[in-house]
Amino acid sequence: MNETRDAYSPERRTALLFTGTGADGAYHAGAMRAIQEAGVKIDVVGGRGIGAVAAVLAAVDGGSQLWDQGGFWRSPAVETFYRWRSKYGGMSVSEARRLKDLEVENRKLKQLLAEAHLDNAAMKELLRKNW
């Protein structure tokens, strides 16, 4: 059983398994790109957590276009996801809904305040004219 391990061989089946959370997904994409550039053919992919997402992306296009212009890691969806996660990460669903409701209420109150300031400015202007 002292078989020497050769470099990648197309006769062998290659499995790729990704695990991890958060920013690990970016590392997965980089690893997939390096593997693709090395010419390694992936036969089976799998993953857990963000690694499952990387595995799906690897299965779809082999990871070759993830970093290209217009690829997944350069898309607005990634930026939106991380912005969303920084805002709502760690909250329960009910807490996130409550936060959203409070933000809506806050917008309405700001609008009312702006309208009150306009009314106040208009009244001051009328008083200045000495009617």
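Only the coordinates and a few stated rules stand behind these numbers; no lab work does. Note that the coordinates shown come from a computational prediction; the quantities given were computed from them, not determined experimentally. With ideal geometry, Cβ positions are generated from the backbone for all residues, glycine too; neighbour counts draw on all protein chains shown.
Taking K and R as +1 and D and E as -1, what net charge do the other residues with C-beta under 14 Å from the C-beta of Glu105 add up to?
Residues near Glu105 contribute +4 overall.
What net charge is computed for the residues neighbouring Glu95, neighbours being all others with C-beta under 14 Å from the C-beta of Glu95, Lys and Arg scored +1, Asp and Glu -1?
+2
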